[in-house]
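Since every read-out is calculated from the coordinates, none of them should be taken as a lab result. Please read these numbers as outputs of a predicted model, since none were measured by experiment. Don't worry about glycine lacking a Cβ; one is built from the backbone with ideal geometry, like all the others, and counts go over all protein chains shown.
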Amino acid sequence: MNLNLRKAIIHNVSDNTQEQLKDTIVDAIQSGEEKMLPGLGVLFEIIWQNSSEQEKKEMLNNLESGLKQ
């Protein structure tokens, strides 16, 4: 079976509202389940691809700060 996980994840959330997307992200983080990580990765990939250079820099600053806590 040839399953394209990225496409499946995008298909599953493509019609979601911002509130539903937020709930998906929060639930995935709060559950702490390893199986949720690929979905979060795909969502982050979409965020990254649709961000300006300034937004990317801000995300990297936030990530760096969060890793140092």
For residue 13, work out the one condition from (1) under 10 Å from the mean Cα position of the chain (by Cα); (2) in contact (Cβ under 8 Å) with a residue 24 or more places away in the chain it doesn't fulfil. (1)
One residue from 51, 65 being polar (S, T, N, Q) and part of a helix (DSSP H, G or I): 65
For the stretch 4-24, which residues satisfy the criterion of being loosely packed, with under 10 Cβ neighbours inside 10 Å and part of a loop (DSSP other than H, G, I, E, B)? 4, 14, 15, 17
